[in-house]
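The values are calculated or read from the model by the stated rules, or taken from the named source; none is laboratory data. Being a predicted model, the structure only gives us computed values, none of them experimental. Heads up, the Cβs are rebuilt from the backbone with ideal geometry, glycines too, and the neighbour counts pull from every protein chain shown.
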Amino acid sequence: MNLAIQAVWAIGLILAAFALSSWQRLGLEGSLILAAGRAVIQLAVVGYVLAVVFAPPQSPVLIVFVLVVLLIVSAIVTRNRISQKLPILPWIIGSFLMTTIVTVVYVQAIVAQPQTWYEPRFLIPLGAIVLSQAINAATISGERFFTALNSHTLEIETHLSLGATPQQAIAHYRKEAIRAGVLPVINTMSIVGLATLPELLSGQLLGGADPIQATAVQIVVLFMVAFATVLVTLLVVHGIGRQFFNTQAQLIRW
């Protein structure tokens, strides 16, 4: 059966979810339809854009442009989820950029080793995976850190009055925020293959990939995601912490 026809038939699942929500009076019908409609439109646009990007002759400028757009959108979404009051968007963009470059360059140069550095079937998926994980991890850590600093101003100011540096005064909240962002990845790696099959591995198997090769790719992606998560949470939390103190090491309340 044609893949497009299969996708149309899959709409039945959303309609079934709509019916269940209506039957149980959950009030989710509008959200389900809106989310499904947005997903279809967004993925259709992405599909056509990628078809152009992947078509020969492949342009490195166009490929990098796609990644830059993904990066900026990811950074804006993350900033909005953490706080729109903090002026941290440039820092988040820089954090995402550094994380993506370091992670993808390592995987490209040492693991994947494509013929050209801009080969889209490697560069775009790898960059997208890193940015997707960066949104989740940075949002969890950033929101946790922002909330903690605003909720414990008295404790932080007490530490400062006793001679602690800003870094020492917020060290505990920083550590807990970073742990909150990284723990989901650690938990995923702990149970993968035992209790769950990752979406990437399942997708490859559905596409007819060799199970051993698909598993090897999944291992690379898991380790790549783990590194990217640690790095991006460190950078984003550091940037947020800097916004809470002025040049005289005094706490700023947001």
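Considering only residues that are of a type in the set (Phe, Trp, Tyr) and either out of contact with any helix residue (DSSP H, G or I) (no Cβ under 8 Å at 6 or more places or on another chain) or crowded, with 19+ Cβ neighbours inside 10 Å (or both), which ones fall in the range 107-126? Answer for the range 107-126, where residues must be of a type in the set (Phe, Trp, Tyr) and either out of contact with any helix residue (DSSP H, G or I) (no Cβ under 8 Å at 6 or more places or on another chain) or crowded, with 19+ Cβ neighbours inside 10 Å (or both): just Phe122.
Right, Ile101: without any contact (Cβ under 8 Å) to a residue 24 or more places away in the chain, closer than 24 Å to Phe223 by Cβ, assigned by TED's automatic domain parsing to the domain that holds Leu123 and of a type outside the set (Phe, Trp, Tyr) or not? In short, yes.
When Ile186 is tested against (1) within 22 Å of the chain's Cα centre (by Cα); (2) surrounded by fewer than 14 Cβ atoms within 10 Å (Cβ to Cβ); (3) free of Cβ contacts under 8 Å to residues at least 40 places away in the same chain, exactly one condition is not met: (3).
Tell me the residue from Ile33, Ile76 that is assigned to a helix (DSSP H, G or I), modelled with pLDDT of 95 or more and aliphatic (A, V, I, L, M), please. When all the criteria are applied, what remains is Ile76.
Just one of Ala39, Ala17 is under 26 Å from Pro120 (Cα atoms) and part of a helix (DSSP H, G or I); which is it?
After ruling out the rest, the residue left standing is Ala39.
Given the criteria under 25 Å from Thr147 (Cα atoms) and either surrounded by 14 or more Cβ atoms within 10 Å (Cβ to Cβ) or touching a Gly at 6+ places or on another chain (Cβ under 9 Å) (or both), does Ala249 qualify? So Ala249 fails the test. Residues that are among the basic types (Lys, Arg), closer than 23 Å to Val237 by Cα and part of a helix (DSSP H, G or I) are absent from the range 111-127. In this structure, Phe96 does not satisfy being surrounded by 13 or more Cβ atoms within 10 Å (Cβ to Cβ), out of contact with any strand residue (DSSP E or B) (no Cβ under 9 Å at 6 or more places or on another chain) and either without any contact (Cβ under 8 Å) to a residue 40 or more places away in the chain or more than 30 Å from Leu67 (Cα to Cα) (or both). Taking the conditions (1) farther than 27 Å from Val105 by Cβ; (2) in the same structural domain as Arg79 (by TED's automatic domain parsing); (3) in contact (Cβ under 8 Å) with a residue 24 or more places away in the chain; (4) not aliphatic (A, V, I, L, M) in turn, Gln250 satisfies each one other than (2).
Just one of Ala195, Ala180 is among the hydrophobic types (A, V, I, L, M, F, W, C) and surrounded by 17 or more Cβ atoms within 10 Å (Cβ to Cβ); which is it?
Ala180
Every test in (1) within 30 Å of Phe244 (Cβ to Cβ); (2) assigned to a helix (DSSP H, G or I) is passed by Gln84 save one, and that test is (2).
Restricting to the range 16-45, and then to whatever is more than 26 Å from Ala128 (Cα to Cα) and exposed (fewer than 13 other Cβ atoms within 10 Å of the Cβ), can you tell me which residue is nearest to the chain's Cα centre (by Cα)? Residue satisfying both the conditions and the ranking: Gly30.
Take the residues in the range 165-178 that are out of contact with any Ser or Thr (no Cβ under 9 Å at 6 or more places or on another chain) and either outside any helix (DSSP H, G or I) or aliphatic (A, V, I, L, M) (or both), then tell me which one is nearest to Ala226 (Cα to Cα). Only one residue fits best here, namely Ala171.
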